[in-house]
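Report on the following structure.
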Amino acid sequence: SSDLFILWGKTEHKITDNGVQALCASLQALPSLEEIHLSFKGCKGVTNQSLSYIREAVKGLLHIDAMTLNLNSCSITDSGTIEIKEIFKTLPNLKILSLSLTNDEKITREGFKHLGQGLAELKRLERLYLNLSGCFEFCDESAQELHQAFMQLTRLKRLVLGLTECWRLTDKGTE
């Protein structure tokens with residue numbers, strides 16, 4: 001088994017798109033990689049551009065079946081969720097996904113729609129850990145769109161969903 005764990009954060013949050021680009025350039029030298037775990041928690045210099053670098057880097061990694069992408073408190077917008085959707089398209093064998101976008105105030109309902117569309121592409125997904133806690137714009141309609149995506153994941157065996165402090169979410173979103 002070939003795994004890669006990169007955990008950045010608590011490093012005074014100095015990692016930027018440039019650091020992610022350098023990391024991604026080295027990923028292409030690991031074609032047998034089966035798991036990739038990337039954490040950029042609190043790195044405000046990690047933006048949508050970083051997701052573009054990650055998308056390009058994983059294109060040729062055909063054996064990846066598990067991925068962690070921790071983007072808590074990074075600078076991700078709706079455009080970044082399109083990149084996330086494209087990352088998912090390049091990983092058809094993904095069985096385990098942990099995606100965390102907590103405390104993101106820049107992703108709107110449109111971004112959550114892209115996220116749901118991307119998740120729906122992961123037909124082999126068995127375990128999903130999705131944390132959107134503190135995403136200010138997550139609302140009832142966003143929850144309903146994610147629900148539609150979850151319904152297409154027929155192999156899903158475990159779903160862990162974090163939605164604390166999503167102030168626009170009501171009971172209506174869970175119906």
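Tabulated data
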| read-out | value |
| --- | --- |
| Residue in segment 70-82 that is modelled with the highest pLDDT, counting only those that are under 15 Å from S133 (Cα atoms) and among the aliphatic types (A, V, I, L, M) | I76 |
| Residue check for G173: open to solvent by less than 30 Å² (accessible area, probe 1.4 Å) and under 30 Å from Q28 (Cα atoms) | no |
| Any chance I76 is aliphatic (A, V, I, L, M) and under 20 Å from G19 (Cα atoms) | yes |
| Subset of segment 137-155 [touching a Phe, Trp or Tyr at 6+ places or on another chain (Cβ under 7 Å) and either surrounded by fewer than 16 Cβ atoms within 10 Å (Cβ to Cβ) or not in a helix (DSSP H, G or I) (or both)] | F138 |
| Residue count for segment 94-130, restricted to those that are surrounded by fewer than 17 Cβ atoms within 10 Å (Cβ to Cβ), farther than 12 Å from R155 by Cα and modelled with pLDDT of 95 or more | 2 |
| Boolean, V58 is of a type in the set (V, I, T) and open to solvent by 40 Å² or more (accessible area, probe 1.4 Å) | no |
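The values are calculated or read from the model by the stated rules, or taken from the named source; none is laboratory data. Owing to the predicted nature of the structure, the values given are computational and were not obtained by experimental measurement. Don't worry about glycine lacking a Cβ; one is built from the backbone with ideal geometry, like all the others, and counts go over all protein chains shown. For the accessible areas, the whole protein counts, side chains as well, though only heavy atoms, and no ligand, DNA or RNA atoms are used. Shrake-Rupley method; radii C 1.70, N 1.55, O 1.52, S 1.80 Å.
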